[in-house]
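One structure is given here, and the rest of the page talks about it.
Here, each number is a calculation from the coordinates, and none is a lab measurement. Quick caveat, the model's predicted, so the values are computed rather than measured. Here the Cβ positions follow ideal geometry from the backbone for every residue, glycine too, while neighbour counts run over all protein chains shown.
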Amino acid sequence: DSGVTQTPKHLITATGQRVTLRCSPRSGDLSVYWYQQSLDQGLQFLIQYYNGEERAKGNILERFSAQQFPDLHSELNLSSLELGDSALYFCASSATDSTGGNTIYFGEGSWLTVV
Amino acid sequence: AQSVAQPEDQVNVAEGNPLTVKCTYSVSGNPYLFWYVQYPNRGLQFLLKYITGDNLVKGSYGFEAEFNKSQTSFHLKKPSALVSDSALYFCAVRVPYGGATNKLIFGTGTLLAVQP
């Protein structure tokens, strides 16, 4: 158990709908990351938050947004869903470390199926 | 651009034999390299990392990896494979933006199949 908790584990929704994925980082970790894993794209970095502020952005679609709350949990919002958004969405977290090389710990993921 | 390559989509090995899963990287500056494993329908589990120091890094479940700067490689190894090692293995390189940013770039993954 990595200590990163994601809900829901599985989600089936229709095209055009909106869903919210939730993540609780490991205790004490200030950085939260979102990744998307699909067969055709592999593991893609979406976005990173650090202590409530957006820190880095990757291949995140405009239809997707995220935020990190004061209690450090994070939510990934996916809207106007398309069939191609079906994927496994990972949340991960890491502690702050000025020397770098922090280990990033991943949750079990949220399986999203768009039908 | 920072990148990592896993040249083999699949590696097959007999139980009890040594295994190697290959990874090469391309980064500017000092690389931070990681290996993760993904079991079926599970999340990514951290195995080991290289930051600095000894080129041979030991990790979880008996795995180790050797950092080779001249060959820009970070191959994952295990002296004796187990059937339970069968999984998808990912190599990753850290891309520093500065401060507390810590983005990981992943390879495409290598499926390890250990036959009994």
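Points to keep in mind about this one:
- Using θ = phi - 60° in the Karplus curve 6.51 cos²θ - 1.76 cosθ + 1.60, the 3J(HN,Hα) couplings for the stretch A:32-42 round to 10, 10, 10, 10, 10, 10, 9, 5, 8, 9, x Hz; x is entered for Gly and Pro.
- Each of B:PRO7, B:PHE106, B:ASN41 was scored by the projection of its Cα onto the charge dipole of chain B, and the greatest displacement toward the positive side belongs to B:PHE106; charges sit on the C-beta of Lys, Arg, Asp and Glu.
- Rg/Rh for chain B, where both radii come from Cα atoms and Rh is the Kirkwood radius: 0.96
- Taking the square roots of five times each eigenvalue of the Cα gyration tensor of chain A, the equivalent ellipsoid has semi-axes of 24, 13, 13 Å, listed largest first.
- Mean-position separation - Cα centroids, the stretch B:66-94 and the stretch B:18-64, in angstrom: 6
- Among A:SER93, A:SER79, a tally of other beta-carbon atoms within 10 Å of each Cβ gives an order, fewest to most, of A:SER79, A:SER93.
- Listed from fewest to most Cβ neighbours within 10 Å, the set A:ARG26, B:ARG42 follows the order B:ARG42, A:ARG26.
- Normalised by the number of residues in chain A, the mean separation of alpha-carbon contacts (under 8 Å, six or more apart) gives a relative contact order of 37 percent.
- For residues of A:25-33, the mean tally of beta carbons on other chains within 10 Å: 1
- Principal axis extents of the Cα atoms in the stretch B:14-77, from largest to smallest and rounded to whole angstrom, are 35, 26, 18.
- Across the alpha-carbon atoms of the stretch A:6-47, the computed radius of gyration and Dmax are 12.7, 37 angstrom.
- Taking the protein assembly as shown, each Cys residue has a second Cys beta-carbon under 4.7 angstrom.
- The charge dipole of the stretch B:5-72, taken about its Cα centre with unit charges on the Cβ atoms of Lys, Arg (+1), Asp and Glu (-1) only, comes to about 200 debye.
- Taking only Cα atoms of the protein assembly as shown, radius of gyration then Dmax in Å: 17.6, 52
- Lysine pairs with alpha-carbon atoms under 22 Å apart, the protein assembly as shown, spacing 8 or more or separate chains: 18
- Shielding by other protein chains, B:38-50, mean Cβ within 10 Å: 4
- DSSP beta bridges in the protein assembly as shown [antiparallel fraction, %, rounded to 5]: 90
- The stretch B:1-77 - percent relative contact order, Cα under 8 Å, separation 6 or more: 28
- Lys, Arg +1 and Asp, Glu -1 on Cβ, resulting dipole of the protein assembly as shown about Cα centre, debye, nearest 20: 200
- Neighbour counting of Cβ atoms within 10 Å sorts the residues A:TRP34, B:TRP35, fewest neighbours leading, into A:TRP34, B:TRP35.
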